[in-house]
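The values are calculated or read from the model by the stated rules, or taken from the named source; none is laboratory data. Bear in mind that the values here come from a model prediction, so they are computed numbers and not experimental data. Using ideal geometry, Cβ is built from the backbone for each residue, glycine included, and neighbour counts are taken over all protein chains shown.
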C-alpha cells in the first residue's frame with residue numbers, strides 16, 4: 001500500500017503542474033490575442049482618419 005502512495009503522489013503532482021502550465025499558456029495566448037486586436041483597431045482608426053484628410 002505504501003508503494004502505491006509513493007507512486008501516485010508524484011504522478012498527481014506532475015499532472016497538477018502540467019495543468020497549471022497549460023492554463024498559464026492559454027491565458028497568455030488569450031491576452032496576446034486581445035492586445036493584437038486592440039492594436040489592429042487602433043491602426044485602422046488612424047488609417048481611416050489619415051485617408052479622410054486627403
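Points worth noting:
Condition check ((1) surrounded by 10 or more Cβ atoms within 10 Å (Cβ to Cβ); (2) outside any helix (DSSP H, G or I); (3) modelled with pLDDT of 95 or more; (4) more than 23 Å from the chain's Cα centre (by Cα)) across all residues:
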site: 4; (1), (2), (3), (4): no, no, no, yes
site: 12; (1), (2), (3), (4): yes, no, yes, yes
site: 18; (1), (2), (3), (4): yes, no, yes, no
site: 27; (1), (2), (3), (4): yes, no, yes, no
site: 38; (1), (2), (3), (4): yes, no, yes, no
site: 42; (1), (2), (3), (4): yes, no, yes, no
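- Breaking point among (1) exposed (fewer than 10 other Cβ atoms within 10 Å of the Cβ); (2) under 17 Å from the mean Cα position of the chain (by Cα), for residue 23: (1)
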